[in-house]
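Please read the structure below before turning to the comments.
Laboratory data are not the source of any read-out in this text; all were calculated from the coordinates shown. Fair warning: this is a prediction, and the values are worked out from it, not measured in the lab. Cβ coordinates were reconstructed from backbone atoms using ideal geometry, including for glycine residues, and neighbour counts include every protein chain displayed.
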Amino acid sequence: MKPDSSNRPVALITGASAGLGLALAHGLADRGWTLVIDARGAGPLKDAADALANRTDVVPLAGDVTDPEHRLDLVDVVVQLGRLDLLVNNASYLGPSPLQALDAADLDELRRVYEVDVLAPIALTQALLPALTAASGVLINISSDAAVEAYETWGGYGSAKAALDHATRVLAAEHPTLSVYAVDPGDLRTAMHQAAFPGEDISDRPEPTTVVPAFLKLLDSRPASGRYRAAEFAPAVTS
């Protein structure tokens, strides 16, 4: 891969083979951003990259964000591209389906939730902070309403997202030259949301593409660092 010489902004999105991550990738591709996309499944990630490649430069790199070697590979790609304007820590792990009450939660599964949803985003952010800082860039950590509401059986995922929210606030305080956000996209029609409600019809939930305008408005307006809901940018979603 040759470094991008077009001086276009560069975004790295984890968990970008489907759902919100893929929708955000398409939204940024429409604006001409160069993309680095990651997911565990090589096949779906290649399909996602192929669908994006006719509109922008895209580098797919399959792997697990909890794997230090994979994170180093992502950093190497960013170094080759020469810049990073946006990091979206979107990859998440819900836990077993159906979800488990905390008093009976499998601790190995709970550990995996925290590794994917808290430690991996922090580790990847640490590794990419020099590039983000050089670009006065944007960090977006995908949150959830489960981070602030106490839902039965959502204790593992919800508490992990709450920890990520707080880590986001600390990173914002430590790096005031960056725009650092935790964003709750709301309930969406995704495979992960379906896994949370096995056997139920979730067709009433909006498609991930519906919230992309809100994320783009966030990038355009760059409000103060903090936690936001996509619904707060409703004019962008409905326009």
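Could you size up the charge dipole of segment 1-65 around its Cα centre, putting +1 on the beta carbon of Lys and Arg and -1 on that of Asp and Glu, and report it in debye to the nearest 20?
Magnitude of the dipole: close to 100 debye.
By other beta-carbon atoms within 10 Å, ranking LYS161, LYS46, LYS217 with the fewest at the front produces LYS46, LYS217, LYS161.
Remark: the chain carries a charge dipole of roughly 880 debye about the Cα centre, counting +1 on each Lys and Arg Cβ and -1 on each Asp and Glu Cβ.
Residues whose amide H lies under 5 Å from that of ARG40, counting only those 5 or more places away or on a different chain, are GLY63; hydrogens are built 1.01 Å from N in the peptide plane. Counted by neighbouring Cβ atoms within 10 Å, the residues SER97, SER144, SER221, SER203 run from fewest to most as SER203, SER221, SER97, SER144. Taking Cα atoms only, the orientation of helix 155-174 departs from the longest principal axis of the chain by about 40 degrees. Counting every other Cβ atom within 10 Å of each residue's Cβ, ARG8, ARG31 order from fewest to most as ARG31, ARG8. The relative contact order of segment 10-238, computed from alpha carbon pairs under 8 Å that lie at least 6 residues apart in sequence, is 18 percent.
Across the options LEU35, LEU107, GLY155, the greatest Cα extent toward the positive end of the charge dipole of the chain (unit charges at beta carbon of Lys, Arg, Asp, Glu) belongs to LEU35.
Shown in residue order for segment 54-66 are the 3J(HN,Hα) couplings computed by the Karplus curve 6.51 cos²θ - 1.76 cosθ + 1.60 at θ = phi - 60°: 7, 10, 7, 7, 9, 10, x, 9, 6, x, 9, 5, 7 Hz (x for Gly and Pro).
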